[in-house]
Amino acid sequence: MSRTVAGAARGVVSLAVVALCSFVVQDALSAEPPKVALLREYWQEVAVVIFVFGAQTVTILALLQQRRARRRAELDAAKRRADLTRASRIATVGELSASIAHEVGQPLGAILSNVDAADLMMQSGDPSDAEIREILSDVRRDALRAHDVIVRLRALLQKQAITYAPVAFDAVLERATSLVHPEARRRGIVLHTVFATREARVLADQVQVQQVLLNLCINAMDAMENAEQKDRELTVETRLLDDGVELVVADRGVGIGNGDVEPLFEAFYTTKERGTGLGLSIVRSIADAHRGSISARPRPGGGAEFVLWLPHINMAR
């Protein structure tokens with residue numbers, strides 16, 4: 001396309017220059033009768049019109065080409081960001097794999113125990129209907145518990161288009177927190193949750209908002225890896241503000257100091273031995289895509305607080 005536009009430009013300019021030059025030379029070398037002079041002036045005007053319209057056409061084509069190239073680059077960049085975000089999400093779930101396996105294995109083990117108990121009852125005699133109903137109720141409860149874990153994981157891991165829709169901020173985060181609880185228990189960390197946005201809604205992709213919570217919680221738990229047992233506390237809190245909602249994830253870990261915190265959100269910046277340096281960078285890209293912000297500050301008494309702010313529904317429009 002660029003060669004076509006350039007070729008058209010050269011053709012238009014060449015045509016106009018040749019026409020104008022020929023008339024100028026002819027005017028300089030010969031004395032023309034009035035009718036010939038009028039005819040020459042006519043064709044000069046035609047050449048000028050061709051040049052002007054041709055130049056405008058070439059300019060429009062060039063602008064359209066630049067617009068298409070810019071749009072294509074934006075789409076490619078958005079796809080790369082989406083792929084990177086999903087890869088980070090998969091890595092995050094991988095870090096939770098041990099506790100997730102326990103969360104699925106525990107109800108499955110309970111189901112097996114109940115089935116064995118029912119089998120023994122059947123072999124020992126005629127079990128009462130009440131006993132069988134109680135066992136079936138337990139089996140159903142445990143099966144639903146395992147199914148719920150799998151559904152939440154599938155929502156996080158499946159490849160899907162980013163969809164912005166009105167969602168209840170607290171409800172979305174509560175579902176993600178249910179994946180954090182078992183990992184916190186496994187690490188000996190006490191998890192406190194305070195959801196207080198009173199059904200405030202945000203225009204958001206709920207999977208990406210949940211990813212922000214998971215990334216921040218894993219980052220906070222990693223920061224408390226060497227903390228004493230009494231300090232191993234993680235707090236997840238939401239707050240309703242006049243201009244939006246906040247998610248605050250606070251830990252009692254190594255802290256971040258009072259200096260510049262911007263490097264924390266740069267890609268590949270990490271202080272962990274096995275860290276990728278992408279977790280907080282992904283958090284920032286998600287916050288930006290939702291017209292929000294992410295910040296970090298030292299926590300009074302030690303540790304760090306990470307704060308996600310998003311506009312609520314009437315501010316996002």
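Odds and ends about this structure:
- Unique residue being at pLDDT 90 or above and acidic (Asp, Glu) when the list is Glu246, Glu266: Glu246
- Taken over the range 269-317, the criterion of being assigned to a loop (DSSP other than H, G, I, E, B), touching a helix residue (DSSP H, G or I) at 6+ places or on another chain (Cβ under 9 Å), at pLDDT 85 or above and surrounded by 17 or more Cβ atoms within 10 Å (Cβ to Cβ) is satisfied by His290, Gly292, Gly303.
- Residue among Leu156, Leu179 that is modelled with pLDDT of 75 or more, surrounded by 12 or more Cβ atoms within 10 Å (Cβ to Cβ) and in a helix (DSSP H, G or I): Leu179
- First in the range 56-71 and part of a helix (DSSP H, G or I), second anywhere and among the polar types (S, T, N, Q), Cβ under 7 Å, 6 or more apart: Gln65/Ser2
- Contacts under 8 angstrom Cβ, first residue in the range 122-138 being closer than 20 Å to Ile111 by Cβ, partner among the polar types (S, T, N, Q), 6 or more apart: Ile135/Asn114; Asp138/Asn114
- Scanning the range 197-231 for residues that are charged (D, E, K, R) and at pLDDT 90 or above yields a single hit, Arg201.
- Some residue of the range 182-202 being surrounded by 22 or more Cβ atoms within 10 Å (Cβ to Cβ) and either under 18 Å from Asp288 (Cα atoms) or under 19 Å from the mean Cα position of the chain (by Cα) (or both): yes
The values are calculated or read from the model by the stated rules, or taken from the named source; none is laboratory data. Because the structure is a prediction, the values reported are computed rather than measured. Positions of Cβ are backbone-derived with ideal geometry, glycine not excepted, and every protein chain shown enters the neighbour counts.
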